[in-house]
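**Student:** One structure, pasted below without further comment.
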Amino acid sequence: MQTSHTDYLNNNLNLIIYEVKEYLISLNPNVRNSPKDSQDKLAYSIKFLITNALSVPINSSTPIAKSAGSYSESSTDYNPNLSYRLTVQQAYKALIALKYLKQTKNGWYKRPETHSGYRKDKNKTGERSQYAATPKLLKLFEDQIEVLPVILPPRDIVDAVRVQEKNSKKGPNGAKLPAIRVKPLKSLQKRVTAMSNNLARINQTLNRHWIDLEVPDADTDTSPDFLERLAKHCLPDAAQKLKQWAEEGRTIPFYNRQIYRVFNDRELTLGGRFYGGWWMTTPSVLRPYILIDGKHTVEVDYGSIHPTILYALEGLERPTDAYDGILRQLPNEIKDAARSVVKTAFMAMLNSASRLYQKPENISFEDLKMIGMSWPELRAAIEERHPAIAHYFGTGIGSQLQKIDSDIAERVMLHFADMNIPILPIHDSFIMHHGYENELREVMDQAFKDVTGKQPRIDLTRRQIVNTDDEPIDLSLDAILKANSWSCYKRFEAFTSMKYR
């Protein structure tokens, strides 16, 4: 039985769909006789545009692709239920005319060879238009604004197994073009079906549970002492990040709870990592505050997973820390930043198809100055630290390693999904209820052995909120719901009422 929340959403969407269709018929009576498939796709487009507008904070905008090419099968955002004609030319224009949506920013595009003075960002060749909900639309949902992320259905997963290849064509002046969407080889259809079925099992579990952040919402909590109170609950850097997001009008799309796999070749041997969940694009400083069903979580990850896999391929156990012993002695205050530079360099050397004689783009001259080494010195130090796997550098093996680590991640998630226990992947790390930490570690260890056939050293690092209070925290659901008025708990309460009413 549907709940009042679900009925509330569907009734309002159906009302808007009816108005849009009547408006389009008034412009062109032939629309009434459109094939059922076109009418269904028009309704889908209307729901898609409306839910996107409602998914962001009030007075914030969301992008829309208004070029015909963005709706082609080669677009990385391809969705067969959306089309340029029905989505942009009919649904979007009608919703603007009926004052349910308003365009807040015009898109722009300039070819790379044109005068750069026109471009707002020298690193961009264009930006999409943006639109937002109007007061007319928001009034329909004014009683449900705080729990809208719960009411909105999970974003559709179109092609759970996707292939995105580099575009072999070049733009003007040799400029790189965006990646294109292609289909896996037909001979691999059984493998694609098996992967898709596995993702369906994982996504069904994720959809049965509510995932949120235990922080005040910047769009609903606007009192002057917002940052001060937030800092008392969160680490200062997490509080600062949320404040920055609030100022930029950004939000977290909590309804994005489903995941998919992206490969880099039609043979499905490169890439294959999981994407789509909102927690994957959330800044790492906020991840310790993720709640699953209103309960605190722990994040456990494989330390140095790609070096570990490489040593396993050689039948060896890797050094204690793959990124240690490379730099000279450095002050404690910059050790973490310096280690990050080493890791970035290590991964760049694995991902490059040839030896890197120049520093990678994601390492700055300031980074090299901080560690007191030139790029050739850093490259040589990494190679000398890892002679057993040095022959892999400059081979572009990084994408193959991603395929291996994604297969490991799939095994870990399926273990818990089959017990209806939600687990959130972030490539080589996992977030789940803190009570499952020991089992998670055991499953991660076994999954690595199952995929690689080896039992090398694995570092399982842990991230979790540290409680500094003398009194123990009451984590019971009743205590949480009674003691806290933050929107994250109101959303969870709404979610449980939708599930069990």
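The values are calculated or read from the model by the stated rules, or taken from the named source; none is laboratory data. A quick note: this is a predicted structure, and the numbers were derived from the prediction, not measured. We place every Cβ from the backbone using ideal geometry, glycine too, and count neighbours over all the protein chains shown. Remember, those area values only see protein heavy atoms, side chains included, never the ligands or the DNA or RNA. Shrake-Rupley method; radii C 1.70, N 1.55, O 1.52, S 1.80 Å.
**Student:** Restricting to segment 340-364, and then to whatever is part of a helix (DSSP H, G or I) and open to solvent by 80 Å² or more (accessible area, probe 1.4 Å), can you tell me which residue is farthest from residue 380 (Cα to Cα)?
**Tutor:** Going through the qualifying residues, I end up with 351.
**Student:** Name the helices (runs of 4 or more DSSP H) wholly inside segment 111-208 in which the number of residues that are over 30 Å from residue 273 (Cβ atoms) and either at pLDDT below 95 or not polar (S, T, N, Q) (or both) is 3 or more. Talk me through it step by step, then tell me what you get.
**Tutor:** Working: elements: 135-140, 148-151, 189-207.
So the answer is 135-140.
**Student:** While we're looking at this one, here's another question. Sort out which residues of segment 41-78 are among the charged types (D, E, K, R), touching a residue at least 40 places away in the same chain (Cβ under 8 Å) and in a helix (DSSP H, G or I), and write them in order of number.
**Tutor:** Listed by number, the list holds a single entry, 41.
**Student:** Of all residues in segment 419-462 being part of a loop (DSSP other than H, G, I, E, B) and at pLDDT below 95, which is nearest to residue 303 (Cα to Cα)?
**Tutor:** Step one: filter segment 419-462 for residues part of a loop (DSSP other than H, G, I, E, B), giving 419-423, 427-428, 453-458.
Cutting the leftovers down to at pLDDT below 95 gives us 427-428, 453-458.
On the way: 427: 12, 428: 8, 453: 18, 454: 16, 455: 14, 456: 12, 457: 10, 458: 7 Å.
If we take residues in segment 419-462 being part of a loop (DSSP other than H, G, I, E, B) and at pLDDT below 95, then 458 is nearest to residue 303 (Cα to Cα).
**Student:** Could you go through segment 239-259 and let me know if any residue there is at pLDDT below 95, open to solvent by less than 10 Å² (accessible area, probe 1.4 Å), of a type outside the set (S, T, N, Q) and farther than 24 Å from residue 417 by Cβ.
**Tutor:** Yes; the residues of segment 239-259 include at least one that is at pLDDT below 95, open to solvent by less than 10 Å² (accessible area, probe 1.4 Å), of a type outside the set (S, T, N, Q) and farther than 24 Å from residue 417 by Cβ.
**Student:** Residue 324 - would you say it is acidic (Asp, Glu), at pLDDT below 95 and outside any strand (DSSP E or B)? Talk me through it step by step, then tell me what you get.
**Tutor:** Working: acidic (Asp, Glu): yes; at pLDDT below 95: yes; outside any strand (DSSP E or B): yes.
It is true that residue 324 is acidic (Asp, Glu), at pLDDT below 95 and outside any strand (DSSP E or B).
**Student:** Can you tell me which residues in segment 131-183 are among the aliphatic types (A, V, I, L, M), within 30 Å of residue 200 (Cβ to Cβ) and surrounded by 14 or more Cβ atoms within 10 Å (Cβ to Cβ)? Give the derivation first.
**Tutor:** Taking segment 131-183 as the starting set, the residues that turn out to be among the aliphatic types (A, V, I, L, M) are 132-133, 137-138, 140, 145, 147-148, 150-152, 157-158, 160-161, 163, 175, 177, 179-180, 182.
Next cut, within 30 Å of residue 200 (Cβ to Cβ) only: 147-148, 150-152, 157-158, 160-161, 163, 179-180, 182.
147, 148, 150, 151, 152, 157, 160, 161, 163, 179, 180, 182 - these are the residues of segment 131-183 that are among the aliphatic types (A, V, I, L, M), within 30 Å of residue 200 (Cβ to Cβ) and surrounded by 14 or more Cβ atoms within 10 Å (Cβ to Cβ).
**Student:** A further question on this structure: What do you reckon, is residue 416 crowded, with 18+ Cβ neighbours inside 10 Å, in contact (Cβ under 8 Å) with a residue 40 or more places away in the chain and over 22 Å from residue 309 (Cα atoms)?
**Tutor:** yes
**Student:** Then there's this: What number of residues within segment 393-411 are out of contact with any Pro (no Cβ under 8 Å at 6 or more places or on another chain) and part of a helix (DSSP H, G or I)?
**Tutor:** Matching residues across segment 393-411 total 13.
**Student:** Out of (1) touching a Leu at 6+ places or on another chain (Cβ under 9 Å); (2) closer than 26 Å to residue 144 by Cα; (3) among the hydroxyl-bearing types (Ser, Thr, Tyr), what's the single condition that is false for residue 23?
**Tutor:** Looking at each condition in turn, residue 23 falls short on (2).
**Student:** Among the residues in segment 23-35, are any in a helix (DSSP H, G or I) and closer than 30 Å to residue 487 by Cα?
**Tutor:** As a first pass, look at segment 23-35 and keep what is in a helix (DSSP H, G or I): 23-27, 29-33.
This time we only want the ones that are closer than 30 Å to residue 487 by Cα, so: none.
No, segment 23-35 contains no residue that is in a helix (DSSP H, G or I) and closer than 30 Å to residue 487 by Cα.
**Student:** Failed condition for residue 401, given (1) over 20 Å from residue 164 (Cα atoms); (2) surrounded by 21 or more Cβ atoms within 10 Å (Cβ to Cβ), with all others met?
**Tutor:** Here residue 401 meets the rest and fails (1).
**Student:** Does any residue in segment 431-455 that is within 23 Å of residue 285 (Cα to Cα) and in contact (Cβ under 8 Å) with a residue 40 or more places away in the chain come within less than 8 Å, Cβ to Cβ, of a residue that is open to solvent by 50 Å² or more (accessible area, probe 1.4 Å) and of a type in the set (S, T, N, Q) six or more places away or on a different chain, and which pairs are these?
**Tutor:** That search, which allows pairs on different chains as well, returns 434/464.
**Student:** Can you tell me which condition residue 337 does not meet? The list is (1) touching an Asp or Glu at 6+ places or on another chain (Cβ under 6 Å); (2) open to solvent by 30 Å² or more (accessible area, probe 1.4 Å), and all the others hold.
**Tutor:** If we test residue 337 against (1) touching an Asp or Glu at 6+ places or on another chain (Cβ under 6 Å); (2) open to solvent by 30 Å² or more (accessible area, probe 1.4 Å), just (1) comes out false.
**Student:** Can residue 286 be described as open to solvent by less than 70 Å² (accessible area, probe 1.4 Å) and either of a type outside the set (Phe, Trp, Tyr) or outside any loop (DSSP other than H, G, I, E, B) (or both)?
**Tutor:** Details: open to solvent by less than 70 Å² (accessible area, probe 1.4 Å): yes; either of a type outside the set (Phe, Trp, Tyr) or outside any loop (DSSP other than H, G, I, E, B) (or both): yes.
Taking the combined requirement at face value, the residue satisfies it.
**Student:** Looking at 41, 36, 21, 47 in this structure, which one is farther than 22 Å from residue 127 by Cβ, buried (at least 18 other Cβ atoms within 10 Å of the Cβ) and out of contact with any helix residue (DSSP H, G or I) (no Cβ under 6 Å at 6 or more places or on another chain)?
**Tutor:** 21
**Student:** Test each condition in (1) in a loop (DSSP other than H, G, I, E, B); (2) open to solvent by less than 40 Å² (accessible area, probe 1.4 Å); (3) modelled with pLDDT of 85 or more for residue 319 and report the one that comes out false.
**Tutor:** Of everything listed in (1) in a loop (DSSP other than H, G, I, E, B); (2) open to solvent by less than 40 Å² (accessible area, probe 1.4 Å); (3) modelled with pLDDT of 85 or more, residue 319 misses just condition (3).
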